[in-house]
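Asker: Could you have a look at this structure, given as structure tokens, before my questions?
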Amino acid sequence: MTRQPSQATSQQRVLSVMCLSLVLVVSGSSMLNVGLREIGLSLQATATQLHWIVDSYAVAFAALLLPFGALGDRYGRRTVMLTGLAIMGLASVSSSLATSPDFLILSRVFAGVGAAMVMPGTLSTITHVFPPHQRGRAVGVWAGFASAGAVIGLLAAGLLLEWFTWPSLFVFTAILSVLAITATIAFVPNSMDPAHAHVDPLGSLLSAVGIASLVFGIIEGPATGWGSSKVVAAFAAAAITLVGFVVWELHTTKGVLDVRLFLNRPFGTGSVSVMVQFFAAFGFFYVAAFMLQGMMGYSPLKSAAALLPMSVLIIPLSALAPGLAKRFGLRLVNVAGLVSMGAAFVVMANLGDNPTYVGFLPGLLLLGTGIALSTAPASESIVNALPPSKQGVASAVNDTARELGGAFGIAIIGSAFSSTYATSVAGALVNVAPDTAPVMQTSPLAGLDIASKMGPQGAQLLVDVRHSFMVGFTRGSVIAAAAIGLGALFVLWRSPREVSQPQDATQPLSETQSSTYLETLT
């Protein structure tokens, strides 16, 4: 007689599989940052092509999260997840066989489509499987892996490239996809609410086009100029379609997302908190990678390892954060996390012209603590604000807030870093050869590399370049700290003290109950 696993064992298996799938999605972009140089040399890719090898995934991913979240609610979250995992696996195999940059970019688009099918299902499945009194900790574990997944991907990529070539990154992803598919089939139940979940084709199309246009404009702005014709066109398309989305959702009874929910205190503050957190964190990590490799001379693998203490801290603290929120109040824990993040950026802004890892580590640990304390309660407040039939949509909103915040953070903080460095270093380059000075001014890493190879005559220039580098890094850290400070004030003002009480996802609400439930939250 076969012994059936206990309910707790089954729940932990589901949580483990969801975290595996989550890391697969989150690391799908970060892993490539380590291998871009080798990919560029192998495929003879231009700088623009390398740019889109990474960002094509992000555009497709962000654009389709909400439609696929709704699709999972309607037709089955596991069904949509398995389809997405299969697409990711096939796209990874295709990527590993790429012989041209354009083919690789196309494969990355399909990988992003698959990722958008997977990620909303990870959180919504957890809210379905775990009863209300256990859900907070499970969501906390999910949030910990969501935050640490990028660093895990960087570290895995660095290790792979120590022994193999760049296709191994995609082969590894394909293997993880197969493992995730197998484990999902074996351990994860399907969940859906076809009676109350709506796909809303027009709303889904408008949101997809609007978010894709917005993310495209954010990504292209720093590269081609915020006033360039294609960036302006992208933002115009985003404005038109997103306004159309809001108007449509306000007038349809079967929309994909009731936009009035953003006026709901838990849902609205949770969404803002998540967006602000990842604006600051993603933007900071973008410039921190330059600092670790350029100013400290770390290899990509050592840079990823340098960030690992933060991830080690995030995962266990994220599991504890929802419990702390129940004991001390959602607002206090969320704000405490944001304050810790802000303190981390203040530490980073004061590293000086000769930063060391000893000085960097305290800020990193403060940042990890802050992310853990703020992300899990914010995510929980978002999913608890919607009924069981809309958990895929709630998860998609949470994920979209992450992606939009991260895209804005990389664009704005990255641009501030680059432009501040260029302005600061300009005076030191007046006596540098005309064919070399522009390269040193536009690329901080190139500036450090060239100045370090000039010998004794370049000693003062190297000092000036390092100073300018850290002026730019400080500016980026200050912007991150300011964004977090504003976010903390907003959460302090608007957030309720307690997390909304979640509904039992195993007992779907009727249409009347669902409507009443939403009204009581606003």
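Taken together, the values in this text are just the output of simple stated rules run on the coordinates, not laboratory data. Remember, predicted model here, so these are calculated numbers, not experimental data. Ideal geometry is used to build each Cβ from the backbone, glycine not excepted, and the neighbour counts take in all protein chains shown.
Asker: Could you give the Stokes-Einstein D for region 379-451 in µm² per second, using the C-alpha Kirkwood radius, 10 °C, 1.306 mPa s?
Answerer: Calculated translational D: 103 µm²/s.
Asker: Mind ordering 482-495, 403-416 by average Cβ neighbours within 10 Å, highest first?
Answerer: 403-416, 482-495
Asker: Report relative contact order for the chain in percent, whole number only (criteria: Cα-Cα under 8 Å, sequence separation at least 6).
Answerer: That works out to 21 percent.
Asker: Something else now. To the nearest 0.05, how large is the calculated FRET efficiency for Asp449 and Ser229 if R₀ is 30 Å and r is the Cβ-Cβ distance?
Answerer: 0.35
Asker: May I pose another question? What is the sum of charges around Ala62, taking Lys and Arg as +1, Asp and Glu as -1, for the other residues whose C-beta is under 15 Å from the C-beta of Ala62?
Answerer: -2
Asker: For Ala451, what is the net charge nearby, where nearby means another residue's Cβ is under 15 Å from its Cβ and Lys, Arg count +1, Asp, Glu -1?
Answerer: Its environment carries a net charge of -1.
Asker: Grab the DSSP H runs of the chain that are 4 residues or longer, score each as -39,500 (n - 2.57), total them, divide by all residues and round the 222 nm result to the nearest 500 deg cm²/dmol.
Answerer: -28000 deg cm²/dmol
Asker: Multiply the residue separation of Glu38 and Lys254 by 0.36 nm, subtract the distance between their alpha-carbon atoms, and state the gained length in nm to one decimal.
Answerer: So the chain would gain 72.9 nm between Glu38 and Lys254.
Asker: Leaving out same-chain residues fewer than 8 places away, which lysines sit with a Cα under 28 Å from that of Lys453?
Answerer: Result set, ordered by chain and number: Lys302.
Asker: Next up: Length gain on complete extension for the stretch Ser299 to Val463, per 0.36 nm per residue less the alpha carbon to alpha carbon distance?
Answerer: 56.9 nm
Asker: Can you return the lysines within cross-link range of Lys390? Criterion is Cα-Cα under 22 Å, with same-chain partners fewer than 8 residues away left out.
Answerer: Straight-distance partners of Lys390: Lys254.
Asker: I've got another one for you. Computed from the mean reciprocal separation of all distinct C-alpha pairs, what Kirkwood hydrodynamic radius does the chain have, in Å?
Answerer: 23.4
Asker: Now for a separate question. What length, rounded to one decimal in nm, is gained on full extension from Lys326 through to Leu159, with 0.36 nm per residue of separation minus their alpha-carbon distance?
Answerer: Taking 0.36 nm per residue and subtracting the Cα distance, the gain is 56.1 nm.
Asker: With r as the distance between the Cβ atoms of Asp353 and Thr436 and R0 = 25 Å, compute the FRET efficiency 1/(1 + (r/R0)^6) and round to 0.05.
Answerer: 0.65
Asker: While we're here: Describe numerically, in nm with one decimal, the distance between label points set 7 Å from Cα along Cα→Cβ at His133 and at Ala482.
Answerer: So the two model labels end up 4.8 nm from each other.
Asker: Please grab the % of Cα pairs in region 341-390 that end up more than 16 Å from each other.
Answerer: Of the Cα pairs, 53 percent sit more than 16 Å apart.
Asker: How charged is the neighbourhood of Gly121? Take every other residue with its Cβ under 11 Å from the Cβ of Gly121, and add Lys/Arg as +1 and Asp/Glu as -1.
Answerer: 0
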